[in-house]
Amino acid sequence: MSVVSILKPEECYVREEPFYQPVGDEVAVFEAAYREKLPVLVKGPTGCGKTRFMEYMAWRLERPLITVSCHDDLTAPDLVGRYLVKGGETAWVDGPLASAVRAGGICYLDEIVEARKDTMVVIHPLADDRRVLPVEKRGELIEAPDEFCLAMSYNPGYQGVLKDLKQSTRQRFVALEFDYPAQALETAIIVRETGIDEATADRLVRFAHMTRNLKGSGLDEGASTRLLVHAARLMRSGISPTTACHTAIAQALTDDGEMVSAVNELSSSLF
Amino acid sequence: MADTSPLELQTIIERLDHWLNVEFSGLKTGEHAVVIAALEREQQEYLLARVQRIASANIQLAYQFIIHAIRVLDTIDHPALDVWIAKTMDTYDQHGLHQAMETVRTVDEFVRLRQKRAGAAIFEQVCGVLSHFVHGLPGRQLQLRAGEQCYTDTETIYLPPLIDWLASTQDNFLIYKCLIACHWAQIHYGTFREPLAPYLQESRNPEQFLNLFQAFESARVEAWLERELPGLYRTLQRLRGELGEVYDEQWRGLSHALREPVAQASDSLQLTQRYLDTIEPPRNSLFYGPIQPDSVQETIERRKEKQKSRFRQLLRNLIRQFQESDDEASLADRLKAQSGHGGHKDGGNEWQLTLNEEPIALPQEARSLLTSIVQDIGYLPDDYLRPAGPDEYEPELSQEPLSDPDDPTLRASETGVYRYREWDFRRQQYRKNWCAVREYPVTPVYDDFYCRTLDKYRGVIRQLRKSFEAMRDEQRRLKREAHGDDVDLDALVEALADSHDGGELADRLFTRLQHAERDIAVMFMVDMSGSTRGWVNEAEREALILLAEALQTLGDRYAIYGFSGMARERCEIYPVKKFGEDYDAQVRARIGGIQPGDYTRMGAAIRHLSGILNRQEAHSRILITLSDGKPDDYDNYRGQYGIEDTRRAVLEARHHGIHPYCITIDKEARAYLPHLYGPACYTLVREVAELPCKISEIYRRLTS
């Protein structure tokens, strides 16, 4: 049986170098923002490597990475901390954001727009030049050490009209835009990530481009790099290319029967 | 046991004479009755039942039906015959007796087509999938349309309305797919880059020239298909084999050089000139329609200017972004276009722009324009790289109309008329400004309807109120929770006391702020078509009263609008209760005044009402349609057309963040509603009488 390790937030160092293929100058920009103590907003479509980029930067900067996946029930205490009852007494427990601040780590709020609007406000004092986290319940202000960094991700593509970032939030961040990598680069990424041969990876990427052509005319989003990696992994363990594309890509993209058939026709044309 | 012996001749004659009213019509039934008497009992009953049905509409028609039906009875099965009858009756309804008689007489043609269609792929049925398919292929977005002749003008591919070249539907579908791919490949890999007109003028035999050129070109583009879409190429080869299309060795040898990636359309032209008089072109492939040089040339010329001007406009915006001086001379040195992969991948269609030798990321529109230009010309000419000057702006040439016909602010000159587009699934495009929607007031009816309904559903209403109250939003602090934001001191003190007494320490010690704000805006769209006449209408009104009563306790914002109309110029919307209006005596009287109207053109109604709903600031917006059947309108808005347009309208609403939902009492709804609204977005109420009780329950489930 494999051993499950349980880590405290401040121990979440990324020990091994994650594979990340820089596309432009995003690494340099992030490092500069980090040095200048500016918070960073990473935006881009799903599965294009935003989270991987954060892991890579955490490894590069040798800071613990504390990721919070935001959802619409996420409250301010979920981030900052709360009292718990332990052995008949109350005890304060830091939330992930507070632990990250104390540990001088990188706090990464994934899909920030999913969080409730009043929750987003608690990060405001951290995200400007004050760099403090007020902990109301304890009447404290935690001052962020120089090593602390706040980052969040956001996909401008498919959020509804109501789920948009408030200007007061977004105007505090240095924004890095991500998109799917260029063809050759994306092929290289898939080869590297899955060990599949280059010709197949190339076809997968061309297939992804075809589905990306369909964005807006029936698909909300084309196949992401992540989906390609999934399909490639399936192929590597012996699934036929058409089945892999059907299950890992077509069905994952949409429930619309016609669209699934069309996407399948595209994949069967390529393989 | 039922009697299965054939009916007596006399019985048949009696029945026919009665239905056809021979005393007055003077029709002769004897001869036909003899034929019917010779049939088996089952056939007899079937036929006679149909005769009776048609005779109820028209006696002459029924008489014609007998004559022709007994003739084709052996060659056609009952369901098919029923389709024919339905078609005849439709014709009778719409165009009168004369045309209906014609339809009856053409039964042989109908039978023939029917048999032919058995294994065929029909364009109308597959164009949805195929359109997505062709949009997925790289390059310019192509349109598909059914046409007499198969060809392409480089923007649209015209395909046969029906393909029955092979026995199975699947294979015939694949033939469509290959036809599309072959024509796409011609466009994508540059068959049309060289204008053919000069060659054709010179040639003594233009037709032969085109055929030979087409044959050489197909060898060239298929080599690309083999490289780029190997799966499709295998399918193409298999279908070719089954259709008996084979090329001989001599031909293979001649076209060998064209299979290299470096080969261009000009090489095919040279070969064509060289061999024009010496060899016969192979038989025309089924997978390519004839090249239509005039139509192609015209389309390309029209597009070229437009594209050039637009591209230079975009370039200007782009250069501004980079804050480069737009000094033309220096820019020309620094702004370059290059082929992505040394020119030999994907037909050299991948080009990119570089500024100071750094590749620049183009916005979506510019990228697709660049691809389209390269498809037409084969490269990006230098004069395209000159950004447009400041006063160089030709809106007519450079851009599609700026205004979106869907914009509700853009109305026809007539006041109070809202124009909406409509989706034509055959053309795969919108008909712009197609429907005219007007809002009319509902005449309130002050009678005892409201009191009656309250009385009838007294128990139900009380129960509904209770269950709705439980959903009501309040920022409540929930006590004694297992998890929460804060410690519940009362619970803690109690628990500690318990534990000192040796009891167990309770674990529900927290308070939690419940945030479930009900920030919901709901639009009820009520079908007021003629088919709701009678108790459906009654049930609808009752349901609305019940719902409104229940919603009063909940405080959700809601509006009720009815819809009806006839034909596209007369779509009618009836506001019963607008957002912001109180549920008062007047609204009740308007609910009471909901009357059946004419038809259901659902698409226009959905577009209009989602527009209204969209102006509501709310966390979630729901559009609930209350309906009793398929979308249907007088002017051919029925069948697949109506369904596809409604589906489009629903998709558009969804794109605007609205949750569409449908409640219907149409028993056949399972056949089309999942397609319209999605698998989990509808409810079928089996009995009309259940509607009032069910609807509030459905609403509760939907919003909690």
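At a glance:
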{"read-out": "Amide H within-cut-off set for B:Y682, under 5 Å, with H built and near neighbours excluded", "value": "B:C662"}
{"read-out": "Charge-dipole axis of segment B:1-53 as Lys and Arg at +1 and Asp and Glu at -1 on Cβ define it, positive-most pick from B:Q43, B:F24, B:Q10", "value": "B:F24"}
{"read-out": "Mean shadow area of segment B:555-704, taken as a quarter of the surface of its Cα convex hull (nm²)", "value": "9.0"}
{"read-out": "Cα-centre dipole for segment B:142-269 with unit charges at Cβ (Lys and Arg positive, Asp and Glu negative), debye to 20", "value": "240"}
{"read-out": "GluC sites (Glu not before Pro) restricted to DSSP loop in segment A:1-51 with at most 12 other C-beta within 10 Å", "value": "A:E16, A:E36"}
{"read-out": "Whole-Hz ³J(HN,Hα) from phi, Karplus 6.51 cos²θ - 1.76 cosθ + 1.60, for segment B:258-275, glycine and proline x", "value": "6, 7, 6, x, 7, 5, 10, 4, 5, 5, 4, 4, 4, 4, 4, 5, 5, 9"}
{"read-out": "Cα→Cβ-extended label distance, 7 Å offset, between A:E177 and B:Y446, nm", "value": "6.2"}
{"read-out": "Contour excess over end-to-end distance, with Cα ends at B:Q640 and B:K304 and 0.36 nm allotted per residue", "value": "117.3 nm"}
{"read-out": "Reachable lysines, given that their alpha-carbon falls under 25 Å from the alpha-carbon of A:K86 and they are not under 8 places away in the same chain", "value": "A:K8, A:K137, B:K479"}
{"read-out": "Karplus-derived 3J(HN,Hα), 6.51/-1.76/1.60, for each residue of segment B:553-560, Hz, glycine and proline x", "value": "6, 8, x, 5, 7, 8, 9, 10"}
{"read-out": "Spacing of the two label points (7 Å from each Cα toward its C-beta) at B:D74 and B:L385, in nm", "value": "7.7"}
{"read-out": "Selection from B:Q264, B:L551, A:M235 lying farthest towards where the dipole of the protein assembly as shown points positive, charges on Cβ", "value": "B:L551"}
{"read-out": "Antiparallel DSSP beta bridges within chain B, as percent of all bridges there, nearest 5", "value": "50"}
{"read-out": "Above-threshold pairs, the threshold being 24 Å between Cα atoms, out of B:K306/B:K336; A:K43/B:K432; A:K43/B:K308; A:K43/B:K306; A:K50/A:K166; B:K87/B:K667", "value": "A:K43/B:K432; A:K43/B:K308; A:K43/B:K306"}
{"read-out": "For residues of B:226-238, the mean tally of beta carbons on other chains within 10 Å", "value": "3"}
{"read-out": "Calculated from backbone phi, Karplus (6.51, -1.76, 1.60) coupling profile of segment A:248-256 in Hz, x at Gly/Pro", "value": "7, 10, 4, 5, 6, 7, 7, 9, 5"}
{"read-out": "Residues B:R234 and B:R686, FRET efficiency given R0 of 41 Å [Cβ-Cβ distance, rounded to 0.05]", "value": "0.25"}
{"read-out": "Segment B:482-564 - charge dipole about Cα centre, Lys and Arg +1 at Cβ, Asp and Glu -1, debye rounded to 20", "value": "760"}
{"read-out": "Average other protein chain Cβ within 10 Å of Cβ, residues B:135-142", "value": "5"}
{"read-out": "Cβ-Cβ FRET estimate between B:T703 and B:V34, R0 fixed at 56 Å, reported to 0.05", "value": "0.25"}
{"read-out": "Relative counts (whole %) of C-alpha pair distances in chain A, using bins that are 5 Å wide", "value": "1, 5, 11, 14, 15, 14, 13, 10, 8, 5, 2, 1, 0, 0"}
{"read-out": "Potential extension, B:E207-B:A57 segment - 0.36 nm per residue separation minus Cα distance", "value": "48.5 nm"}
{"read-out": "Dipole magnitude (debye, nearest 20) for the protein assembly as shown, charges at Cβ of Lys, Arg, Asp, Glu", "value": "740"}
{"read-out": "Those residues of segment B:373-387 whose amide nitrogen sits under 20 Å from the label point placed on B:Q338, 7 Å along Cα→Cβ", "value": "B:374-375, B:378-386"}
{"read-out": "Average partner coverage of A:252-264, which counts Cβ from other chains inside 10 Å", "value": "4"}
{"read-out": "Approximate spin-label separation A:R236-B:H483, in nm, with each point projected 7 Å along Cα-to-Cβ", "value": "3.5"}
{"read-out": "Label zone at B:N433 (point 7 Å along Cα-to-Cβ), backbone N below 15 Å, segment B:561-578", "value": "B:569"}
{"read-out": "Gain on full stretching of the segment that runs from B:D490 to B:H256 - 0.36 nm per residue minus C-alpha separation", "value": "75.2 nm"}
{"read-out": "Relative contact order computed over segment A:211-271 (Cα-Cα under 8 Å; 6+ residues apart), in percent", "value": "31"}
{"read-out": "Separation between Cα centres of segment B:1-80 and segment A:200-215, rounded to whole Å", "value": "61"}
{"read-out": "Among B:S620, B:I658, B:G642 the positive-end extreme of the charge dipole of segment B:615-704 (Cβ point charges)", "value": "B:S620"}
{"read-out": "Pairwise FRET efficiency - B:W165 versus B:T278, Cβ, R0 = 41 Å, nearest 0.05", "value": "0.80"}
{"read-out": "Where a label projected 7 Å from the Cα of B:L505 along Cα→Cβ would reach, residues of segment A:86-130 with amide N under 19 Å", "value": "A:86-94"}
{"read-out": "Alpha-carbon centroid distance for the pair segment B:498-566 / segment A:76-124, whole angstrom", "value": "34"}
{"read-out": "Fraction in percent of alpha-carbon pairs per bin - 20 Å, the protein assembly as shown", "value": "10, 31, 36, 18, 5, 0"}
{"read-out": "Those lysines that a straight Cα-Cα span of less than 26 Å connects to B:K577, excepting residues fewer than 8 apart in one chain", "value": "B:K456, B:K466, B:K630, B:K694"}
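Since every read-out is calculated from the coordinates, none of them should be taken as a lab result. These figures come from a predicted structure and were not determined experimentally. A quick note on method: Cβ atoms are made from the backbone with ideal geometry, for glycine too, and the neighbour counts reach across all protein chains shown.
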